[in-house]
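Asker: Okay, handing you the structure first.
The values are calculated or read from the model by the stated rules, or taken from the named source; none is laboratory data. Nothing here was measured: the structure is a model prediction, and the numbers come from that model. Positions of Cβ are generated from backbone atoms using ideal geometry, with glycine treated the same way; all protein chains shown enter the neighbour counts.
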């Protein structure tokens, strides 16, 4: 079964609704991050994509060999999967601000569309198809939204 495409308007809207369902009272079902930390954590990959800030290490061979299939396949992430240190949020972000920032970044990726991402290089994984980009972004969001029961 294929994953929903983040470039699809209905998928994007459903993700936004799920994000908006997270509140300061939302309890995690697994993991260590609070709701605010998860929202901020989910935003980090978008900076690599949009703003070229490169928080992801540039180890393409290692990424391609060991992580590309895990990150871009349709198989969901396992609960309590380890988080790379550059993606760990240690402060307690404001939930409303974190939601706004995440949704803005998601909308920016959505607006660029699949064509922009076809063959675009990822700093860690190398060149990806638009479907691989979509799978990677969708399943990361879905993983953490399920973590908070939304």
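Asker: Can you tell me which of (1) more than 14 Å from the chain's Cα centre (by Cα); (2) at pLDDT 95 or above is the one residue 38 doesn't meet?
Answerer: For residue 38, the exception is condition (1).
Asker: Being surrounded by 10 or more Cβ atoms within 10 Å (Cβ to Cβ) and either modelled with pLDDT under 90 or within 12 Å of residue 143 (Cβ to Cβ) (or both) is the filter here, so list the residues in region 79-92 that pass it.
Answerer: 79, 80, 81, 83, 84, 86, 87, 88
Asker: What number of residues within region 118-131 satisfy the criterion of being at pLDDT 95 or above and either farther than 12 Å from residue 72 by Cα or in contact with a helix residue (DSSP H, G or I) (Cβ under 7 Å, 6 or more places away or on another chain) (or both)?
Answerer: So the count comes out to 2.
Asker: Keeping to region 43-78, report how many residues are at pLDDT 85 or above and under 18 Å from residue 132 (Cβ atoms).
Answerer: Residues flagged as at pLDDT 85 or above and under 18 Å from residue 132 (Cβ atoms) within region 43-78 amount to 8.
Asker: Among the residues of region 101-121, count how many are surrounded by 14 or more Cβ atoms within 10 Å (Cβ to Cβ) and under 23 Å from residue 38 (Cα atoms).
Answerer: Going through region 101-121 one residue at a time, the tally reaches 7.
Asker: Any idea how many residues of region 97-122 are out of contact with any strand residue (DSSP E or B) (no Cβ under 6 Å at 6 or more places or on another chain) and farther than 14 Å from residue 42 by Cα?
Answerer: Of the residues in region 97-122, 12 are out of contact with any strand residue (DSSP E or B) (no Cβ under 6 Å at 6 or more places or on another chain) and farther than 14 Å from residue 42 by Cα.
Every residue, every condition in (1) crowded, with 21+ Cβ neighbours inside 10 Å; (2) assigned to a helix (DSSP H, G or I); (3) in contact (Cβ under 8 Å) with a residue 60 or more places away in the chain, yes or no:
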| position | (1), (2), (3) |
| --- | --- |
| 6 | yes, no, yes |
| 12 | no, yes, yes |
| 15 | yes, yes, yes |
| 24 | no, no, yes |
| 27 | no, no, yes |
| 32 | no, no, no |
| 39 | yes, yes, yes |
| 46 | no, yes, yes |
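Asker: Sticking with this structure for a sec: Does at least one position in region 127-140 carry a residue that is closer than 17 Å to residue 50 by Cβ, assigned to a loop (DSSP other than H, G, I, E, B) and under 16 Å from the mean Cα position of the chain (by Cα)?
Answerer: Looking for residues that are closer than 17 Å to residue 50 by Cβ, assigned to a loop (DSSP other than H, G, I, E, B) and under 16 Å from the mean Cα position of the chain (by Cα), one finds at least one in region 127-140, hence yes.
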